[in-house]
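The values are calculated or read from the model by the stated rules, or taken from the named source; none is laboratory data. Computed from a predicted model, the values in this text were never measured in an experiment. Virtual Cβ from ideal backbone geometry, glycine too; neighbours counted across all protein chains shown.
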Amino acid sequence: MRARRNAYPECCEYCGVAVGRDADGNARPGYRYADGRAICAGCHASAIKTAEQLRAVWQQVARTFERLGLTVDWHRLPVQMLDKPVLQREAGRGNVVGLAHSLSTALTVSSRVSILYGMPATLAALTLGHEAGHVWCREQRVRFDPPEREEGFANVLACLVLRDLPGADARHAIERLFADPDPVYGKLFRDQWALLQQLGWEAYREQVRNANQGAWRMRWFGSRQTAACLPRPGGVSRMCG
Ligand SMILES: [Zn+2]
Ligand SMILES: [Zn+2]
């Protein structure tokens, strides 16, 4: 999917600034993706659109996971970018920015990750960190109870990925994660984060690994699971005229 010059006055999907023309009629550079999203020139400058860019973000995520002692079978984990309608169709619902599909049998787990094409690099890193968190849970046979808690855990990993990135964009994304009013992606994230602060990383990781296996294990075999995720923090301002 290509981005083309945007000729319509509207808001950037990612930061909310005017794109096309602002309320005073001034030209504001930006683009529109083929799936209808408007994106300002600033966000577009870091947008992840090529396989090479995607690989670079994925490697950042893998480095953070390695530092944290989280093993994921990266070499057998396909990652693809999809435009909005295709991702929504795969997810079965709208406004999704990432998906982790896993098929678990008694002996193997195979997963694949899909994210939305053309997101700014920081949001792509957050999304991939989050989805990689779901993949780790499947590969470790971890299942949270209730399942929504896994979204909070996945956002803890997304936050830790962002903390390894330099720059103001990553810091702002972390601030939005902590301020997110969403009952799952915000509240359950902050609950998990508080537990992490209390226990320290290693003890927290082991608690997640051990506390959420056991009784769930038998149900897990032969199961197929898709996590359709909306780990986008905050809510973008739509007040751009
Ligand atoms: Zn923007
Ligand atoms: Zn998720």
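Touching a residue at least 40 places away in the same chain (Cβ under 8 Å), part of a loop (DSSP other than H, G, I, E, B) and over 11 Å from the mean Cα position of the chain (by Cα): is that true of R176 in this structure?
Criteria not met by R176.
Please verify whether W193 is farther than 18 Å from E148 by Cβ and at pLDDT 90 or above, treating the condition exactly as stated.
So W193 does not fit the description; no.
Test T71 against the criterion of being of a type in the set (V, I, T) and modelled with pLDDT of 90 or more, and give yes or no.
Yes; evaluated as a whole, the condition is true for this residue.
Quick check on this structure: which one of W74, W58 is surrounded by 15 or more Cβ atoms within 10 Å (Cβ to Cβ) and closer than 21 Å to R171 by Cα?
Sole residue among the options that is surrounded by 15 or more Cβ atoms within 10 Å (Cβ to Cβ) and closer than 21 Å to R171 by Cα: W58.
Determine if region 175-186 includes at least one residue that is within 16 Å of ligand 1 (Cβ to nearest atom), modelled with pLDDT under 95 and surrounded by 15 or more Cβ atoms within 10 Å (Cβ to Cβ).
As a first pass, look at region 175-186 and keep what is within 16 Å of ligand 1 (Cβ to nearest atom): 176.
Imposing the further condition that a residue be modelled with pLDDT under 95 reduces the set to 176.
After this cut, where a residue has to be surrounded by 15 or more Cβ atoms within 10 Å (Cβ to Cβ) as well, the list is 176.
Scanning region 175-186 turns up at least one residue that is within 16 Å of ligand 1 (Cβ to nearest atom), modelled with pLDDT under 95 and surrounded by 15 or more Cβ atoms within 10 Å (Cβ to Cβ).
Tell me which helices (runs of 4 or more DSSP H) are completely within region 1-109 and hold 2 or more residues being within 15 Å of ligand 1 (Cβ to nearest atom), or say none if there are none.
The qualifying helices (runs of 4 or more DSSP H) are 41-45.
Quick one: how many residues across region 110-130 are small (G, A, S) and part of a helix (DSSP H, G or I)?
Number of matching residues: 4.
Can you name every residue in region 17-30 that is closer than 14 Å to H44 by Cα and surrounded by 16 or more Cβ atoms within 10 Å (Cβ to Cβ)?
V17, A18, V19, G20, R28, G30
Looking only at region 152-169, count every residue that is part of a helix (DSSP H, G or I) and either closer than 26 Å to N212 by Cα or modelled with pLDDT of 95 or more (or both) and tell me the total.
So the answer is 12.
Output the number of residues of region 138-159 satisfying the condition of being within 15 Å of ligand 2 (Cβ to nearest atom) and in contact (Cβ under 8 Å) with a residue 40 or more places away in the chain.
Start the filter on region 138-159 by keeping residues that are within 15 Å of ligand 2 (Cβ to nearest atom), which leaves 138, 142-144, 146-159.
Keeping just the survivors that are in contact (Cβ under 8 Å) with a residue 40 or more places away in the chain gives 138, 142-144, 148-158.
Residues meeting the conditions: 15.
Return the pairs, sorted by first residue and then second, in which the second residue is in a helix (DSSP H, G or I) and more than 16 Å from ligand 2 (Cβ to nearest atom), the first residue lies in region 41-61 and is among the small types (G, A, S) and modelled with pLDDT of 95 or more, the beta carbons are less than 6 Å apart, and the residues are 6+ apart or on different chains.
Pairs found: S46/A121.
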